[in-house]
Amino acid sequence: MRNARQSLPERIVSLSAGVTGICIPGHREPSPAYIMTTSLIFIYSTDSGAASGLLDTGHKMLSPSTYKCSLCELTQDTLGEKERWREFRTSIGLPMEFFHRDEFEKRYDLRFDYPVILRKNGNIEVLLSKERIDSITNLDDLIETVREKVAKTS
């Protein structure tokens with residue numbers, strides 16, 4: 001398993017909100033070929049698959065207070081993605097990836113305490129930890145917290 005922080009050898013510099021470039025030794029400005037956009041990775045603390053989905057839906061309905069995925073609770077309802085969350089996703093202007101726990105670990109060979117929101121831009125680092133997500137009580141607070149964190153790290 002790889003370490004959670006993956007880094008590039010060149011120096012990464014901020015160009016504008018959500019966009020960075022890599023300074024190549026001997027060049028004054030970041031090379032346009034190396035400009036990359038910050039992206040966000042959202043990982044739910046549930047596994048993929050139909051059986052897991054049915055169990056999760058039943059758990060949410062029968063015993064919501066013991067349901068273990070606070071990110072799911074904030075962004076989803078029993079019919080799917082909440083409309084306000086969909087609006088946020090399409091308006092923030094950053095690429096986003098969404099994974100169930102097993103899908104993320106298979107693709108990235110990394111492990112975290114789930115749910116978690118990561119920032120990817122040359123490095124993969126925690127934007128919002130499980131503890132922080134668990135402390136958020138409503139969708140508007142999640143959206144505002146993500147916006148603030150992205151602005152601070154851009």
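Please treat every number below as a calculation from the coordinates, not as lab data. Computed from a predicted structure; not experimentally measured. Here the Cβ positions follow ideal geometry from the backbone for every residue, glycine too, while neighbour counts run over all protein chains shown.
Under the simplified labelling scheme, the residue 148-residue 132 pair shows an inter-label distance of 1.0 nm, with each label point 7 Å from Cα along Cα→Cβ. For the pair residue 111 and residue 97 in one chain, pulling the backbone fully straight at 0.36 nm per residue adds 3.4 nm over the alpha carbon distance. Taking θ as phi - 60° and the Karplus parameters 6.51, -1.76 and 1.60, the scalar couplings of region 95-111 work out to x, 9, 10, 10, 9, 7, 3, 5, 5, 4, 4, 5, 6, 9, 6, 10, 9 Hz in sequence order, x denoting glycine and proline.
Each residue in 79, 110 was given a count of other beta-carbon atoms within 10 angstrom of its own, and listing them fewest first yields 79, 110.
What does the charge add up to near residue 150, with Lys and Arg as +1, Asp and Glu as -1, over the other residues with Cβ less than 13 Å from its Cβ? Overall, the nearby charge balance is +3. Electrostatic bookkeeping for residue 133 treats Lys and Arg as +1 and Asp and Glu as -1; over the other residues with beta carbon under 12 Å from its beta carbon, the sum is -1.
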